[in-house]
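Trainee: After the structure tokens below, expect a handful of questions from me.
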Amino acid sequence: MDLGLSGRRAVVAASSSGLGFAAARVLAAEGARVAICGRDPHRLALALEQLPPDAVALPSDVSTARGAANFVEEAAATLGGVDILVPNAGGPPPGGFAATDLEAYRPALEENLLATVAMCQAVVPGMCEQGWGRVVAITSATVRQPAPTMILSNTARAGVTGFLKTLAGEVAGQGVTVNSVQPGSHATDRLRQLHGGDLAGAAARVPAGQVGRPEDFGAVVAFLCSDAARFVTGAALPVDGGASQGLQ
């Protein structure tokens, strides 16, 4: 299936590894010219080697609103504009209500809410002017089914989901779609670290009986960026092997 992404300019945040890189890699395979970023220059260089020659790697820290805006602005200048934006960020530290100080919420909201707002503010107006654009944010399954020990993620990512839903309604008539994808357990380096390299425990909690492949997750992101998905907007799609049990 041709997704119609050839020649599109895609900016993917926090994409030197993990699900961000998986999304960038699939978008590039579909013909998009991608800009990726990361804080570790060595890891970023290794990621760039696995992408087509026209890909761009920009050392950036998108954990703050200013850093996130700087990244997409630099990417837009390098690519000559932005057609696709994939907001993404690392997850905040775990903890419940009693163990989480008020001040811990500020960096979590900055990284997982305000940074996405800043990226959208930087490029969505240009998408509206050109009459075509895609925003597909990578959030978390905790938005749909909050985890007891992830109060910071539950709070910040629910907030960004509300922002994206609101934005989707405002720009839908201008050829721009805004969606989010909620990953569950996928075979990334972070998940391996959390499980000591053994993913069997994580897989046992997934109805599908296995953890997700990063490339399959990337394919979902790419589809939502496609012409075929032009009538899909305001959606928050779980990609978790059936782990989320709620009806919504």
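The values are calculated or read from the model by the stated rules, or taken from the named source; none is laboratory data. Predicted, not measured: the structure shown is a model, and the values here were computed from it. Note: ideal-geometry Cβ built from the backbone for every residue, glycine included; neighbour counts use all protein chains shown.
Trainee: Going through region 58-113 one residue at a time, which ones are out of contact with any Asp or Glu (no Cβ under 9 Å at 6 or more places or on another chain), of a type in the set (A, V, I, L, M), buried (at least 22 other Cβ atoms within 10 Å of the Cβ) and part of a loop (DSSP other than H, G, I, E, B)?
Mentor: Within region 58-113, just 82 meets the criteria.
Trainee: Related question: Restricting the search to region 164-180, which residues are in contact with a helix residue (DSSP H, G or I) (Cβ under 6 Å, 6 or more places away or on another chain) and of a type in the set (Val, Ile, Thr)?
Mentor: Listed by number, the residues that qualify are 171, 176, 178.
Trainee: Filter region 8-33 for residues that are aliphatic (A, V, I, L, M), over 12 Å from residue 71 (Cα atoms) and under 14 Å from the mean Cα position of the chain (by Cα) and give the result.
Mentor: Matches in region 8-33: 10, 19, 22, 23, 24, 26, 27.
Trainee: To continue, here is another question. May I ask you to list pairs of residues, at least six apart or on different chains, whose Cβ atoms are under 8 Å apart, with the first in region 165-177 being touching a residue at least 24 places away in the same chain (Cβ under 8 Å) and polar (S, T, N, Q) and the second being surrounded by fewer than 19 Cβ atoms within 10 Å (Cβ to Cβ) and not in a helix (DSSP H, G or I)?
Mentor: Matching pairs, first to second residue: 174/131; 177/230; 177/232.
Trainee: Looking for something out of contact with any strand residue (DSSP E or B) (no Cβ under 7 Å at 6 or more places or on another chain), over 18 Å from residue 181 (Cβ atoms) and buried (at least 16 other Cβ atoms within 10 Å of the Cβ) - is there at least one such residue anywhere in region 6-27?
Mentor: No: zero hits.
Trainee: Something else now. Enumerate the pairs (first residue in region 66-83 and within 9 Å of residue 119 (Cα to Cα); second residue anywhere and surrounded by 18 or more Cβ atoms within 10 Å (Cβ to Cβ) and among the polar types (S, T, N, Q)) with beta-carbon separation below 7 Å, excluding pairs fewer than 6 apart on the same chain, so at least 6 apart or on different chains.
Mentor: Note: pairs meeting the criteria are 70/60; 71/60.
Trainee: Pick out the one residue from 82, 86 that is modelled with pLDDT of 95 or more and under 18 Å from residue 21 (Cβ atoms).
Mentor: On the way: 82 fails: under 18 Å from residue 21 (Cβ atoms).
When all the criteria are applied, what remains is 86.
Trainee: Next question, about the same structure. Could you list, in sequence order, the residues of region 124-138 that are surrounded by 20 or more Cβ atoms within 10 Å (Cβ to Cβ) and either touching a Gly at 6+ places or on another chain (Cβ under 8 Å) or closer than 16 Å to residue 244 by Cα (or both)?
Mentor: 124, 127, 133, 138
Trainee: Between a residue in region 211-240 that is more than 17 Å from residue 32 (Cβ to Cβ) and any residue that is at pLDDT 95 or above and in a strand (DSSP E or B), which pairs come within a Cβ distance under 6 Å, given they are 6 or more apart or on different chains?
Mentor: Note: pairs meeting the criteria are 233/177; 233/178; 235/179; 236/180; 237/181; 239/181.
Trainee: Still on this structure, please answer the following. Looking at 240, 189, which one is in contact with a helix residue (DSSP H, G or I) (Cβ under 8 Å, 6 or more places away or on another chain) and at pLDDT below 70?
Mentor: Just one listed residue meets the conditions, 189.
Trainee: Would you mention how many residues in region 46-91 are within 23 Å of residue 129 (Cβ to Cβ) and not acidic (Asp, Glu)?
Mentor: Going through region 46-91 one residue at a time, the tally reaches 19.
Trainee: Just a yes or no: is a residue in region 139-152 in a helix (DSSP H, G or I), at pLDDT 95 or above and surrounded by fewer than 20 Cβ atoms within 10 Å (Cβ to Cβ)?
Mentor: There is no residue in region 139-152 that is in a helix (DSSP H, G or I), at pLDDT 95 or above and surrounded by fewer than 20 Cβ atoms within 10 Å (Cβ to Cβ).
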